[in-house]
Amino acid sequence: MDSFSSLGKLLVIGGVFLLIAGGFLLLLGKITPFGRLPGDIYYQKGNFTFYFPLVTCLLLSILLTLIVNLFLRR
């Protein structure tokens, strides 16, 4: 029964983290042109559009790595 309790706590903590991260990304999208940075690949021809946010993914990766390292450092 104890394993269900710890699994439940883990799911609640993960859900709260995802809620905070989602809210942060929504606010970031309204404040900055995040997602439309120079270096993001955007190709449009006719009715076909291809968009790959390469630089945005790199910046998010660096930012999340720094945040996780701050919280998990001992």
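Read-outs: derived from the displayed coordinates by stated rules, not from any lab. Just so you know, these numbers come straight off a predicted model, no measurement behind them. When we count neighbours, we look across all protein chains shown, and the Cβ atoms used for this are built from the backbone with ideal geometry, even at glycine.
Output yes when any residue across the range 54-68 is part of a strand (DSSP E or B), without any contact (Cβ under 8 Å) to a residue 60 or more places away in the chain and surrounded by 10 or more Cβ atoms within 10 Å (Cβ to Cβ), and no when none is. So far as the range 54-68 goes, no, none of its residues is part of a strand (DSSP E or B), without any contact (Cβ under 8 Å) to a residue 60 or more places away in the chain and surrounded by 10 or more Cβ atoms within 10 Å (Cβ to Cβ). Checking each residue in the range 27-53 for being surrounded by 10 or more Cβ atoms within 10 Å (Cβ to Cβ) and closer than 27 Å to F71 by Cβ picks out L27, L28, G29, T32, F34, G35, L37, P53.
When the range 43-53 is filtered for residues that are farther than 17 Å from L25 by Cβ and either under 20 Å from the mean Cα position of the chain (by Cα) or in a helix (DSSP H, G or I) (or both), only F52 remains.
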